[in-house]
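Participant: For reference, the structure I am asking about is given below.
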Amino acid sequence: MKKTGLLYDERYLRHDTGPNHPESPQRLKAIYQGIKEAGLLPKLTLIQARRADLKWIETIHSKNYIKRFEVACGSGNSTFDYPDNQICAETFETALLAVGGILDAVQLIMTDKLDNVFCAVRPPGHHAEYDKALGFCYFNNVAIAARYLQIEWGIQRVGIVDFDVHHGNGTQHLFEDDPTVFYYSIHQHPTFAFPGTGRVFETGDGEGVGTTRNYPVLPGQGDKEYQGLVERDLVPVLSAFSPEVILVSAGFDAHVDDDMSDINLSTQGYSRIMQRIAALAALYSDGRLISVLEGGYCLKRLPELAANHVNILLNA
Amino acid sequence: MFISKIMSRNAVTIDINADISQAREIMSENNFRHLPVVDDSNFLIGIVTDRDIRSVLPSSHITGDNGMEVLKRFSGIKIKDIMTKNPVALSPLDTLQDALILLQKERFGAFPVIDEQKKLIGIVSVRDLLREFINVLGLEEPGTLLCIIVENKLGQMKKIVDAITEEHVSFGSVLVSRYWEKGKRAVFPYLLTQNIAPVKRKLKKMGYTLLDPMDWYMDHLPQND
């Protein structure tokens, strides 16, 4: 059994998005409950949140943006940068706690105290751009982790797999001209889903051409389509890149019961994708796998999806 | 959206007495395919395209010559011999819509833009027009597209706009268009939200039909209509 970490902290519930917002604290409670009720907690190393040093946020976001975000939260504004982005007084601190917890998790992996980790954090990150918040995201958690791995731990090649049902525009844009970070995304086709990016021909810029890959899936598709593309495309493409660490933008909103999308992945379908990614990490990354929560809004399904996800990490 | 805002100013032009090798050079240097032809006072008298040039040159595959030698032999051909005289031109006060319709009608790749005296003031290409069209449609703005089928009668839009506004969702743009069934219209709100599910639920509850995204509107438009 692997040494698997779980990053979870009740302070992540303090980012209050108001009534009827899908990105709610209940999501995280459901995830934690699911892992607990599956009897997995005793097998996991629990990691607490910690406030991130701003210098790591600044490797990805502009100082001006960070300041704007802090001021917006302190001013009593209810949204920031985009109508969906509900904030409260605690949002800025919670976002810092999310990043800090993830960086601690990375450190535990790089010092061999852990093999892999699931970071159940809020707010999510993959839509956040260099200087713009979008799609419930403020700090790009995974992008900051990738830079931290490179700067602090000397990692040369980072692979990011994003299976949230929405395209991670922020992560793609932050690394599109960077050949050292591979961004691979599977998502609902952008003509039919938010945010409207992630088309097949978006393959990177300048020196980074070839280390961005988008696989849009049409509405109504599910397990069969995903399974096929994982075997046909994801596995060979990531194998060729041979990442030293794999980061996962884990969004569970492609589930058939999640009404944020028209994609019909089953719970088992999700497990098969994660098993394949874990196998890739074992082959190329010495098992180093850092999974970070993005979307996933079906409170009824999140417990089983999270429990299966963690179980796969434990048995990777 | 006026052409004056879309066009490139300072269009690169060519003299009527220049020969085709000069035109070819300018085109390949600047990656242009259209050169307006003007006289000394900048009056538009024609336009020459890379296609015009290619059509007077023999195929190098047949003669076995390389490009430069072929050009040399045909260098006597002047722009005035191959240009299109009095080309279709736009005015700066023509609109994006004018240009798109004209484009489909005339099958040109670019239009010179002239003022009231017929002096050249710019050029607008298909690429320029497409860029603006993408801009107008907001294709690069993050959001979610919905397709709603409504009865073709007064007041439908108000209900839809009210329902979406009650969900605190903002509009990026709205397109109202024909539907293939008689007496119905298709409404395409582009909404500035990721959280589309409550809007969908509400509209369905109000009795509206949401178009299955895979049952795509364009596939059902009558041909040649």
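Participant: Suppose every Lys and Arg Cβ carries +1 and every Asp and Glu Cβ carries -1, with no other charges. What dipole size does the range B:144-220 come out with about its Cα centre, to the nearest 20 debye?
Facilitator: Values: 12 positive and 8 negative charges, 54 e Å.
Result for the range B:144-220 is approximately 260 debye, rounded to the nearest 20.
Participant: Show that you can apply the helix-only estimate: for the protein assembly as shown, add -39,500 (n - 2.57) for every DSSP H stretch of four or more residues, divide by all residues, and state [θ] at 222 nm to the nearest 500.
Facilitator: Rounded to the nearest 500, it is -10500 deg cm²/dmol.
Participant: More than 21 Å apart: what percent of Cα pairs in the range B:144-220 qualify?
Facilitator: For the range B:144-220, the share of Cα pairs beyond 21 Å comes to 19 percent.
Participant: Further question: Out of residues 5 or more away from residue A:79 or on other chains, whose amide H comes under 5 Å of its own, with H placed 1.01 Å from N in the peptide plane?
Facilitator: For residue A:79, the qualifying residues are A:87.
Participant: Moving on. Please get the size of the charge dipole for the range A:4-314, origin at its Cα centre, with Cβ charges of +1 on Lys and Arg and -1 on Asp and Glu, quoted in debye to the nearest 20.
Facilitator: For this selection, approximately 560 debye.
Participant: Compactness ratio of the range A:153-255: Cα Rg over 2.2 N^0.38 Å, N = residue count?
Facilitator: Against the empirical 2.2 N^0.38 Å value, I get 1.01 for the range A:153-255.
Participant: Sticking with this one: Viscosity 1.306 mPa s, temperature 10 °C: Stokes-Einstein D of the protein assembly as shown from its Kirkwood Cα radius, in µm² per second?
Facilitator: Working: Rh = 26.3 Å.
The Stokes-Einstein estimate is 60 µm²/s.
Participant: Is chain B rounded, prolate or oblate when judged by the Cα gyration tensor, a ≥ b ≥ c being the square roots of its eigenvalues, rounded requiring a/c under 1.5 and prolate requiring a/b larger than b/c?
Facilitator: Here chain B falls in the prolate category.
Participant: For a protection proxy built on the mean count of beta-carbon atoms within 10 angstrom, sort B:45-57, A:293-305, A:132-144, A:200-212 highest first, please. All intermediate terms of the calculation are to be shown ahead of the outcome.
Facilitator: Values: B:45-57: 17.5, A:293-305: 22.8, A:132-144: 27.8, A:200-212: 15.1.
Top to bottom by mean Cβ count within 10 Å: A:132-144, A:293-305, B:45-57, A:200-212.
Participant: For residue A:182, which sequence-distant residues (separation of 5 or more, or a different chain) have an amide H within less than 5 Å of its own amide H, given hydrogens modelled in the peptide plane?
Facilitator: Answer set, sorted by chain and number: A:158, A:159, A:160.
Participant: Right, next: Could you pull the Rg and Dmax for the range A:4-314, using just the Cα atoms, both in Å?
Facilitator: In order Rg, Dmax, the Cα atoms of the range A:4-314 give 17.4, 50 Å.
Participant: For the range A:178-316, which semi-axes, largest first and in whole Å, follow from the square roots of 5 times the eigenvalues of its Cα gyration tensor?
Facilitator: Listed largest to smallest, the semi-axes of the range A:178-316 are 23, 20, 12 Å.
Participant: Over all directions, average the projected area of the Cα convex hull of the range A:208-286 and note it in nm².
Facilitator: Its average projected convex-hull area is 5.5 nm².
Participant: Mind checking how much accessible area B and A bury in total, 1.4 Å probe, in Å² rounded to 100?
Facilitator: Separately minus together, B and A give about 1600 Å² buried.
Participant: Using modelled backbone amide H atoms (1.01 Å from N, in-plane), which distant-in-sequence or interchain residues come within less than 5 Å of residue B:77's amide H?
Facilitator: Amide H to amide H, under 5 Å and 5 or more residues apart or across chains, residue B:77 pairs with B:20.
Participant: Which whole-percent values make up P(r) of the range B:3-135 when all C-alpha to C-alpha distances are grouped in 10 Å steps starting at zero?
Facilitator: Result returned by the calculation: 12, 41, 30, 13, 3.
Participant: What accessible area per residue comes out for chain B, rounded to a whole number of Å², with a 1.4 Å probe?
Facilitator: 61
Participant: Now for a separate question. For the range A:58-139, build the charge dipole from Cβ charges (+1 Lys, Arg; -1 Asp, Glu) around the Cα centre, then report which of A:107, A:77, A:96 sits farthest towards its positive end.
Facilitator: Of the candidates, A:77 comes out farthest on the positive side.
Participant: Out of the DSSP beta bridges found with both residues in chain A, what percent are antiparallel (nearest 5)? Write down the numbers at each step before the final one.
Facilitator: Numbers: 4 of 39 bridges.
Restricted to chain A, the bridges split so that about 10 percent are antiparallel.
Participant: Highest first, please rank the peptides A:90-99, A:74-83 by the mean number of other Cβ atoms sitting within 10 Å of their residues.
Facilitator: Per-residue Cβ counts within 10 Å, averaged per peptide and sorted highest first, yield A:90-99, A:74-83.
Participant: Taking each residue of A:196-209 in turn, how many C-beta atoms of other protein chains fall within 10 Å of its C-beta, and what is the average?
Facilitator: The shielding value for this peptide is 1.
Participant: Give me a single rounded figure for A:17-27: the average over its residues of other chain Cβ atoms within 10 Å of their Cβ. If you can, show how the numbers build up before the last one.
Facilitator: Numbers: counts 0, 1, 0, 4, 2, 5, 2, 0, 0, 0, 0.
Taking the mean over all residues of the peptide, I get 1.
Participant: Filter the cross-link list A:224/B:182; B:153/B:205; A:300/B:204; A:2/A:55; A:36/A:113; B:5/B:153 down to pairs whose alpha-carbon distance in this structure exceeds 28 Å.
Facilitator: Checking Cα-Cα distances, A:224/B:182; A:2/A:55; B:5/B:153 exceed 28 Å.
Participant: In what sequence, highest mean first, do A:306-314, A:264-272 appear when ranked by Cβ atoms within 10 angstrom?
Facilitator: Descending packing order for the listed peptides: A:306-314, A:264-272.
Participant: Let me know the charge dipole size of the protein assembly as shown about its Cα centre in debye, to the nearest 20, where only the beta-carbon of Lys, Arg (+1) and Asp, Glu (-1) is charged.
Facilitator: 780
Participant: Heavy atoms only, probe 1.4 Å: what % of the accessible area of the protein assembly as shown goes to carbon and sulfur, would you let me know?
Facilitator: Of the solvent-accessible surface of the protein assembly as shown, carbon and sulfur hold 49 percent.
Participant: Follow-up. From the backbone phi of the range A:227-237, what are the Karplus-calculated ³J(HN,Hα) couplings (6.51 cos²θ - 1.76 cosθ + 1.60, θ = phi - 60°) in whole Hz, Gly and Pro given as x?
Facilitator: Ordered by residue, 3J(HN,Hα) equals 4, x, 6, 5, 6, 6, 10, 4, 5, x, 5 Hz.
Participant: Report, as an integer, the average count of C-beta atoms from other chains found within 10 Å of each Cβ along B:188-197.
Facilitator: 6
The values are calculated or read from the model by the stated rules, or taken from the named source; none is laboratory data. All figures in this text were calculated on a predicted structure; none of them were measured in a lab. Note: ideal-geometry Cβ built from the backbone for every residue, glycine included; neighbour counts use all protein chains shown. Surface accessibility is based on the protein's heavy atoms, side chains included, excluding ligands, DNA and RNA. Shrake-Rupley method; radii C 1.70, N 1.55, O 1.52, S 1.80 Å.
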